[in-house]
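Enquirer: First, the structure itself, so that you have it in front of you.
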Amino acid sequence: VAKDKGLAGARLAIVDNQTTGRFLGQDFKLDETVVPAGGDLAGAGAALAGKGIKLVVADLPADRLLQLADLPEMKDAVILNARAEDDRLRVSDCRANVFHTIPNRAMKADALAQYLAFKRWTRWVLVSGTLDDDKAFADAIRRAAKRYGAQIVEERGYEFKAGSRRSDTGEQQVQRQMTQLTQRLPDYDVLVVADESEVFGEYLPYRTWDARPVAGTQGLVPTAWHRSQEQWGGTQIQRRFQKASGRWMLERDYAAWAAVRAVGEAVTRTGSGDPAAIRSYLVSPDFQLGAFKGVPLTFRSWDQQLRQPMLLASPLMLVSVSPQDGFLHQRTPLDTLGYDEPESSCRLNPDP
């Protein structure tokens, strides 16, 4: 298990920023602050502000991210969220000082739904866990099904009980459990799983009662980044990351890399390290980030979410990239993924 998720991506991006900054007389440094779970986040934020640091990449869960953003010392900061996927941060709990480089759950669910619609796999069974994150992803799947004309023909739940006979057994018992879990279902095309906690989802592929593909948090997975991404120069960043970190780049690494690179791009273009100038540039029509995805990435004005294509991948291979052809939007096809402006109550940067 990688112990430097996110951090390794930020470190690589600092090197990238320095490569450009060296020619322009700009110097980029990464101050690494680790706050233990339940630790003094307010004190850490105050300490950063005391050192004059107002450009922050946050690898924090949603509640802790909002706690940081609401600190008086962070009022004028630019905080880039590289971890929390919660839809509420883009719909109702927006903050003017927070940008998001990690995609939210709605973007992921929409990316998957578009591909399933393209395949004409429109009858879904949804199997979800009982933890809060599992329920949140299941909600995103329900929204995507309604949005793209799919039908969830049945829902089933899986409750994990530590040490129980049902969950703490060998492969033969697991094989029987997953078969029983998926028996007596209506006719369906694909089994969609919502198991962000990684408790049971990995056991579903090849163990369902009916021979059906598995997608969602396991099986065919929507993600911002994947080890198999080699298009659009992806091989270059994969190799550099692997050389620097000794492992594959993960989604959180990519989100942190994009966050640091977004700041670097803004500083380069504005010639300023002032947070107010950087914030204004990030939401301006002039900002574009090249990020190995075939199109320039930009921030949405209303919720400050980074627009980006989503990869759809099996454990080892890239399968497709969303948005799929034919899904159109008056602004950009990327806005078919996630909450569009009329669907969000956030209006962080109203049009003039």
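The values are calculated or read from the model by the stated rules, or taken from the named source; none is laboratory data. Just so it is clear, the model here is predicted, and its values are computed rather than measured. Note that we place each Cβ from the backbone using ideal geometry, even for glycine, and neighbour counts take in every protein chain shown.
Enquirer: If you go through region 28-43 one residue at a time, do you hit one that is in contact with a Leu (Cβ under 8 Å, 6 or more places away or on another chain), closer than 22 Å to residue 308 by Cβ, hydrophobic (A, V, I, L, M, F, W, C) and outside the structural domain of residue 142 (by TED's automatic domain parsing)?
Expert: Within region 28-43, none of the residues are in contact with a Leu (Cβ under 8 Å, 6 or more places away or on another chain), closer than 22 Å to residue 308 by Cβ, hydrophobic (A, V, I, L, M, F, W, C) and outside the structural domain of residue 142 (by TED's automatic domain parsing).
Enquirer: Hey, another quick one. Return the pairs, sorted by first residue and then second, in which the second residue is of a type in the set (Asp, Glu) and at pLDDT 95 or above, the first residue lies in region 197-210 and is in the same structural domain as residue 175 (by TED's automatic domain parsing) and closer than 15 Å to residue 131 by Cβ, the beta carbons are less than 7 Å apart, and the residues are 6+ apart or on different chains.
Expert: From region 197-210, the pairs are 197/133; 197/134; 201/195.
Enquirer: Looking at region 306-337, which of the residues that are over 16 Å from residue 293 (Cα atoms), out of contact with any Gly (no Cβ under 8 Å at 6 or more places or on another chain) and not aliphatic (A, V, I, L, M) is surrounded by the fewest Cβ atoms within 10 Å (Cβ to Cβ)?
Expert: Of everything passing the filter in region 306-337, 330 is surrounded by the fewest Cβ atoms within 10 Å (Cβ to Cβ).
Enquirer: Let me ask you something else. Under 6 Å by Cβ, and 6 or more places apart or on different chains, what pairs join a residue from region 224-240 that is within 17 Å of residue 295 (Cα to Cα) with one that is of a type in the set (Ser, Thr, Tyr)?
Expert: 224/254; 225/254
Enquirer: Next question, about the same structure. Which residues, counting only those in region 119-157, are surrounded by 15 or more Cβ atoms within 10 Å (Cβ to Cβ) and of a type in the set (Gly, Ala, Ser)?
Expert: Matches in region 119-157: 128, 129, 136, 138, 140, 144, 145, 150.
Enquirer: Return the residues of region 293-335 that are among the β-branched types (Val, Ile, Thr) and either touching a strand residue (DSSP E or B) at 6+ places or on another chain (Cβ under 8 Å) or in the same structural domain as residue 144 (by TED's automatic domain parsing) (or both); say none if nothing qualifies.
Expert: Matches in region 293-335: 298, 319, 321.
Enquirer: Determine whether region 225-232 contains at least one residue that is under 23 Å from residue 29 (Cβ atoms), over 18 Å from the mean Cα position of the chain (by Cα), of a type in the set (S, T, N, Q) and not in a loop (DSSP other than H, G, I, E, B).
Expert: Within region 225-232, not a single residue is under 23 Å from residue 29 (Cβ atoms), over 18 Å from the mean Cα position of the chain (by Cα), of a type in the set (S, T, N, Q) and not in a loop (DSSP other than H, G, I, E, B).
Enquirer: Determine which single condition residue 289 fails, assuming it passes every other condition in (1) touching a strand residue (DSSP E or B) at 6+ places or on another chain (Cβ under 7 Å); (2) surrounded by fewer than 18 Cβ atoms within 10 Å (Cβ to Cβ); (3) free of Cβ contacts under 8 Å to residues at least 60 places away in the same chain.
Expert: The single condition residue 289 does not satisfy is (2).
Residue by residue, here is whether (1) in the same structural domain as residue 306 (by TED's automatic domain parsing); (2) under 13 Å from the mean Cα position of the chain (by Cα); (3) touching a residue at least 12 places away in the same chain (Cβ under 8 Å); (4) buried (at least 18 other Cβ atoms within 10 Å of the Cβ) holds:
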| site | (1), (2), (3), (4) |
| --- | --- |
| 78 | yes, no, yes, yes |
| 90 | yes, yes, yes, yes |
| 114 | no, no, yes, yes |
| 117 | no, no, yes, yes |
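Enquirer: I would also like to ask the following. Determine whether residue 63 is assigned by TED's automatic domain parsing to the domain that holds residue 257 and part of a loop (DSSP other than H, G, I, E, B).
Expert: Answer is no for this residue.
Enquirer: A further question on this structure: For region 264-284, name all the residues that are farther than 13 Å from residue 21 by Cβ and in contact (Cβ under 8 Å) with a residue 12 or more places away in the chain.
Expert: Listed by number, the residues that qualify are 275, 276, 278, 279, 281, 282, 283.
Enquirer: When you look at residue 101, is it over 18 Å from residue 157 (Cβ atoms) and surrounded by 24 or more Cβ atoms within 10 Å (Cβ to Cβ), yes or no?
Expert: Answer is yes for this residue.
Enquirer: Please enumerate the residues belonging to region 241-263 that are farther than 18 Å from residue 102 by Cβ and in contact (Cβ under 8 Å) with a residue 24 or more places away in the chain.
Expert: Those that are farther than 18 Å from residue 102 by Cβ and in contact (Cβ under 8 Å) with a residue 24 or more places away in the chain: 244, 245, 247.
Enquirer: Please tell me if residue 25 is over 30 Å from residue 338 (Cα atoms) and either modelled with pLDDT under 95 or not assigned by TED's automatic domain parsing to the domain that holds residue 273 (or both). Talk me through it step by step, then tell me what you get.
Expert: Values: over 30 Å from residue 338 (Cα atoms): yes; either modelled with pLDDT under 95 or not assigned by TED's automatic domain parsing to the domain that holds residue 273 (or both): yes.
Answer is yes for this residue.
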